[in-house]
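Quick notes on the structure that follows.
The values are calculated or read from the model by the stated rules, or taken from the named source; none is laboratory data. Model, not experiment: these values are computed from the prediction. Glycine gets a Cβ as well: all are built from the backbone with ideal geometry, and neighbour counts include every protein chain shown. Areas reflect the complete protein model, heavy atoms only, side chains present, ligands, DNA and RNA absent. Shrake-Rupley method; radii C 1.70, N 1.55, O 1.52, S 1.80 Å.
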Amino acid sequence: MRHNSLPFHKVIERTISYGYKKLKAYFFIYILLSLMLSCVNFVSIYILQKMFDVISNAVTGGHWTQSTFNLVILTGAVLVVSNILKGIHGYFSENYFMQFMSKILKDMNAKAGKLDLVDYESLELYQKINMAIGGVNYAIKSTISLLNGVIFHVSFFISVTIYFFSIKPTLVLLCFLIFIPKFVSQMIRGSKIYQIQEKLADKKREFDYFQKCLVDKEYFKETKTYRGTPYFIRRYNEALQSYNSQQWNTERKIAYIDLFLSCFTYLGYVGSFLLLVKYLMDGTISIGIFTAIYYSLNKLMSSMKDMVELFGSIYQNSSLAGKLYDFLDLPERSGRDHTFSSVEKVTLNNISFSYPYANKCSLDRVSLEIEKGTKLAIVGVNGAGKSTLVKLLSGLLQPNEGSVLLNDIDIGDISPKSTFSRTSAVFQNFGRYKLTLKENVILSDIEKEAKEEEIISKMETSGFDYSKIEQLDSLETMMSREFGGIDLSGGQWQRLAIARGFYRSNDMIILDEPTSAIDPIEEAHLYDRFIQMSEGKIAIIVTHRLGSVKLADRIIVMETGRIIEDGTHEELMKKDGVYASMFLSQAEWYSR
């Protein structure tokens, strides 16, 4: 996994640019509010000085003028306006955050859909996704914090510094003595937290997984049956303890550094106060100036604390926000759009393919041509490369070497949308969508006009008879108990997935072992209907059960990533090779 792929200033530049492009109106309104709040804060200090000088003179002279009362009223009005602006600023900041969040999440989801399937075989991608999810918050906070910090805190700090300099230049030095230790502290904090986030990313994913093994529906039955709960609780606690221990050690070191540097900050503050008292006693400054400077020092302390923490947060958050940009910058699968009137053939030219981090090829120099109207069966033992082959045929994967052609067009040169436009597939690990029954079928071709007769016809073809399923009274029934609907058995879900594959308009349809939860007799009926419906198309069946492959007009046998036999059922039986041995072995098993 890449580290520090974007330097700090590049992350800041991109974050601000992102915030501007996505929400221009919010961007400018937020800047305006921050600037107004900063101006009101500084004006309140100047008015406070004038007010105390006027009051002091009034007390000394023994009479109050109308201007004195006017100044008191003006001071109160400024404080009221300041508090109103703070409320509006806080509300707008939260609203800006939520709007920005929705924009970035939308871009992340769009990016995930544009990546190659092979990217999801890589551990590196999941690390980047996990860091990018965290980076969403960090990117937004960096943008909002920087805008607020530069416009509000920096402008306030500069204006107060100029004000102090106009009175006594020495006071400016004290301002920086207060500021620098806090700034260094936050920079160290940001750096340390960035490092620990990098280190703990894998550990967090580990204890999240053990928790999933305890409570997730996917694992719950087996965990319960095998009495694995104590084991996973122990592994969860170990991972969580390790995570907390490393995080605690980092936070403790940061706290020691922060405490040490904070001492200098408060010494500078005390020194400023004592110096002010000296100037007042010497008559160098008036009571109004003393009050205004004392008030502004408190405001400055608070503002500098916020400013330094903001800039420390920006440093910390922007480093992690870089992970979001790492993810958004991943190369996408692209290509020109091409419209296929029909797919006449698909060709594999000497292709080889291996998955990330695999030490051997899943496919090794495979060549194959399948013409329209061919009913092809692909058989072989587990790990032979069958599923990988159909993923390449369908365009889900692209070869490391060689080429895959639809008609005579290399799929590497055309867009994924064009590649998938005339292909339908049902895989062994199909989706069980928590949607209505109707949506579970039409999802394969969502842009096509949904006709109830066609939906029911495709379900009947797959052997899914919803009229015989209890509680399933219409196509609008929700397929999830979680959302107030019902659930199906494994075999029913498989039939529904096959109906979804049949529903999509296609020239090539693939069934990649989707019938494991269906009994052999029903499977034979399904394949028979599949062959009939696939007339005039490229139809591909991947299966372990060989009883139905006799229906195919061509069978290929795979072993260790290569095609070792190719022919009809009769031809392969005559060869008395691997296929014949597999077929007779299964026939003997069924005859017992």
Listed by first then second residue, the pairs whose first member lies in the range 237-248 and is in contact (Cβ under 8 Å) with a residue 24 or more places away in the chain and assigned to a helix (DSSP H, G or I), whose partner is open to solvent by 50 Å² or more (accessible area, probe 1.4 Å) and acidic (D, E), with beta carbons under 9 Å and at least 6 positions apart or on separate chains, are A239/E206; A239/D208; S242/E206; Y243/E206
Only residues that are touching a residue at least 24 places away in the same chain (Cβ under 8 Å), more than 20 Å from D519 (Cβ to Cβ) and part of a loop (DSSP other than H, G, I, E, B): list them for the range 433-472, please. Y433, K434, L435, K448, L472
For the range 359-402, how many residues are modelled with pLDDT of 90 or more, part of a loop (DSSP other than H, G, I, E, B) and among the charged types (D, E, K, R)? 1
Out of (1) part of a helix (DSSP H, G or I); (2) in contact with a Cys (Cβ under 7 Å, 6 or more places away or on another chain); (3) hydroxyl-bearing (S, T, Y), the odd one out for S352 is which? (1)
Residue satisfying all of: in the range 413-458; β-branched (V, I, T) and over 19 Å from T477 (Cα atoms); surrounded by the fewest Cβ atoms within 10 Å (Cβ to Cβ) among these: I414
Applying the selection to the range 548-570, what residues are more than 24 Å from D364 (Cβ to Cβ) and either open to solvent by less than 50 Å² (accessible area, probe 1.4 Å) or free of Cβ contacts under 8 Å to residues at least 40 places away in the same chain (or both)? S548, K550, T568, H569, E570
Return the residue satisfying two criteria in turn: it lies in the range 140-152 and is in contact (Cβ under 8 Å) with a residue 60 or more places away in the chain and open to solvent by 10 Å² or more (accessible area, probe 1.4 Å), and of such residues it is nearest to the chain's Cα centre (by Cα). K141
Of all residues in the range 156-199 being modelled with pLDDT under 70 and of a type in the set (K, R), which is nearest to the chain's Cα centre (by Cα)? K199
Out of the residues in the range 76-107 that are under 29 Å from the mean Cα position of the chain (by Cα) and free of Cβ contacts under 8 Å to residues at least 40 places away in the same chain, which is surrounded by the fewest Cβ atoms within 10 Å (Cβ to Cβ)? M98
Flagged in the range 129-139 as in contact (Cβ under 8 Å) with a residue 60 or more places away in the chain and either open to solvent by less than 20 Å² (accessible area, probe 1.4 Å) or of a type in the set (A, V, I, L, M) (or both), in numbering order, are I129, M131, A132, G135, V136, A139
Six or more apart or on different chains, Cβ atoms under 6 Å: show the pairs whose first residue is in the range 321-346 and open to solvent by 10 Å² or more (accessible area, probe 1.4 Å) and whose second is assigned to a strand (DSSP E or B). G335/I414; R336/I414; H338/I414; K345/E371
Among the small types (G, A, S), within 22 Å of G395 (Cα to Cα) and surrounded by fewer than 19 Cβ atoms within 10 Å (Cβ to Cβ): which single residue out of G536, G491, G485 fits that description? G536
Selection over the range 224-278 where residues are farther than 30 Å from Y295 by Cβ and either open to solvent by 60 Å² or more (accessible area, probe 1.4 Å) or more than 29 Å from the chain's Cα centre (by Cα) (or both) yields a count of 23
